[in-house]
Amino acid sequence: MRTMISGAAACALWLVVPAAAVAQGMAPPGAAAQPSATEAAQTSGNKVTRMEGGKVLYTVVDGYNVDSNTMNGFRAWRAAACDRCHGANQQGLVGPSLIESLKTLTKDQFITTVREGRLEKGMPSWKSSKMVTQNIDNLYAYLKGRSNGDITRAHVQELKQ
């Protein structure tokens with residue numbers, strides 16, 4: 001069952017959020033997406049490297065140790081305080097669950113949404129935020145890793161080289 005959440009916060013709901021994700025404060029079980037034809041995952045033990053469009057999107061070890069670019073995406077997430085609307089675990093609050101949204105949004109749709117916002121639904125534009133715009137690809141990688149289930153914790157740390 002899905003439910004609509006409403007609220008008068010800076011980021012309002014623009015997609016339907018699974019009720020279980022809100023009630024439990026996490027993504028629903030089995031939320032990991034299957035890679036599309038343009039994605040591929042290379043797994044070696046506890047290390048996952050996800051490819052998209054022939055390029056490395058992110059690398060994660062043990063579910064929470066990420067490459068430096070993905071770490072910068074996490075830092076942009078924190079700096080912009082996206083959790084105020086999308087939840088600390090990206091499960092959705094007054095804004096949609098990004099774990100669910102990133103299963104269907106293309107990278108271009110994600111970038112357009114972040115840059116331009118969805119003002120009619122309460123999501124502000126982030127195009128004036130230097131931190132967000134300079135790290136938009138990294139932010140996408142971090143959230144895509146969460147959506148795919150490869151990054152298993154919302155709070156990550158940088159891989160030691």
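The values are calculated or read from the model by the stated rules, or taken from the named source; none is laboratory data. What you are looking at is a predicted structure, and each value in this text was computed from that prediction instead of being measured. Virtual Cβ from ideal backbone geometry, glycine too; neighbours counted across all protein chains shown. Side chains are part of the model used for accessible areas, which takes the heavy atoms of the whole protein and leaves out ligands, DNA and RNA. Shrake-Rupley method; radii C 1.70, N 1.55, O 1.52, S 1.80 Å.
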Single condition Lys121 does not satisfy, out of (1) modelled with pLDDT of 95 or more; (2) more than 18 Å from Asn72 (Cβ to Cβ)
(1)
Restricting to segment 93-110, name every residue that is aliphatic (A, V, I, L, M) and either modelled with pLDDT of 95 or more or closer than 16 Å to Leu139 by Cα (or both).
Leu98, Ile99, Leu102, Leu105
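Which of the following residues is closer than 23 Å to Leu159 by Cβ, of a type outside the set (Ser, Thr, Tyr) and open to solvent by 70 Å² or more (accessible area, probe 1.4 Å): Arg84, Arg75, Arg50?
Arg75
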Is it true that some residue in segment 114-129 is under 16 Å from the mean Cα position of the chain (by Cα), open to solvent by 70 Å² or more (accessible area, probe 1.4 Å) and not basic (Lys, Arg)?
no
Does segment 59-68 contain at least one residue that is closer than 13 Å to Leu143 by Cα, surrounded by 14 or more Cβ atoms within 10 Å (Cβ to Cβ), in contact with an Asp or Glu (Cβ under 6 Å, 6 or more places away or on another chain) and among the hydrophobic types (A, V, I, L, M, F, W, C)?
yes
Only residues that are of a type outside the set (A, V, I, L, M, F, W, C), part of a loop (DSSP other than H, G, I, E, B) and touching a residue at least 40 places away in the same chain (Cβ under 8 Å): list them for segment 113-152, please.
Gly122, Pro124, Ser129, Asn135, Gly149, Asp150, Thr152
